[in-house]
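Engineer: Following this message is one structure expressed as structure tokens.
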Amino acid sequence: MVRAVRVRHVVIRPEDFDFHFDETSPWQWAETLALPFVVADANINAIVYLVTRPKLGVCMADITLIDRISELWEDQLYIDNQQHLPCPKTLTKFSLPNGLSFEVIEPLKLYRMAYEGIDDTHFELEYRALHEPYDINDPEMDPTAAARQGPAWDASWSGHYEQTYRITGSLTARGVTHKVDCVETGDRSWGPRPERDNSAVIWWHASFDEALTIHLFTGHDIATRSTLGPHVSGYVLEHGEVFGIVSSEGEQEYRHAMPMGGRLSVTDVRGKTFAVTYSTVNGCYWAPCPSNTYLQSSLRVACGDRIGHGVQQLGLSRAYLTRHRDAIRTRY
């Protein structure tokens, strides 16, 4: 019998939004912030991703707007990926030379972000959290955490949480202005992050407005199979309450290595199962770090009679891709 436990224990504190490194931290220490958003009516999947290397004093900032299915990153609507920007002194309020600015209005609850780019592209957004941060490494929250040896993925996730937001504001992309009003999931990570030989994983979520979000983190050996697994972590946010996922299973179809659609089933700590099917509406290879590439895709997701929007990141290190290049090309 599955133990039914609601997420009540809050281990992530307001100060955890800021840096965690100290003088003993390795030079490879990284702290990341992912705050994506979508404009479903315009088929735009927007990535806003910050990777800081505070021990080295540098950061990478990426703003990518995806609006079509292509294997080429440069086929997409807009890309501003800049390596080796100066690292912010704090993550609670900063402005970067690339035009990205961010401010915590209420820690872990409300953020404001703006961007002034090139080619008449800019946005102003507000992120309002719909629940407390979900700590992937806390057994009081995540029902699979206690059985793990170490963090959920690797050392880079020594600290990690996800949070689902209501995001409002406006985006102007190459002179065309869009209203932003969506429910999306972002994350925050910290720990040593060597950029070498990371594993193959999937970070997946779908939202049906504020009533339901399903978020999943799972392994996936794309070189040998189309089925997903092993299950790592995830949660169901239903009517404002969060329930950890105890198991998941599914499979995908591909065009080369690009996920084109699939099915997924997850069961949470209540014993409640959600089955979904999904199809890719835009996507491409995305490489915020030179050592890793992600198949980033936006999804149309069906759960019963509900239709929602989802995002999948299929994370593949270049070491994994080159090691299995023949197997991947043969299978897909």
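No value in this document is a laboratory result; all are computed from the given coordinates. Quantities reported herein were computed from a predicted structural model and do not represent experimental measurements. Backbone-built Cβ (ideal geometry, glycine too); neighbour counts: all protein chains shown.
Engineer: Of everything in region 103-122 that's in a strand (DSSP E or B) and free of Cβ contacts under 8 Å to residues at least 60 places away in the same chain, which residue is surrounded by the fewest Cβ atoms within 10 Å (Cβ to Cβ)?
Structural biologist: That would be GLU106.
Engineer: For region 157-229, list the strands (runs of 3 or more DSSP E) that sit wholly inside it and hold at least 2 residues that are of a type in the set (A, V, I, L, M, F, W, C), over 16 Å from the mean Cα position of the chain (by Cα) and crowded, with 21+ Cβ neighbours inside 10 Å; which are they?
Structural biologist: By residue number, 159-173.
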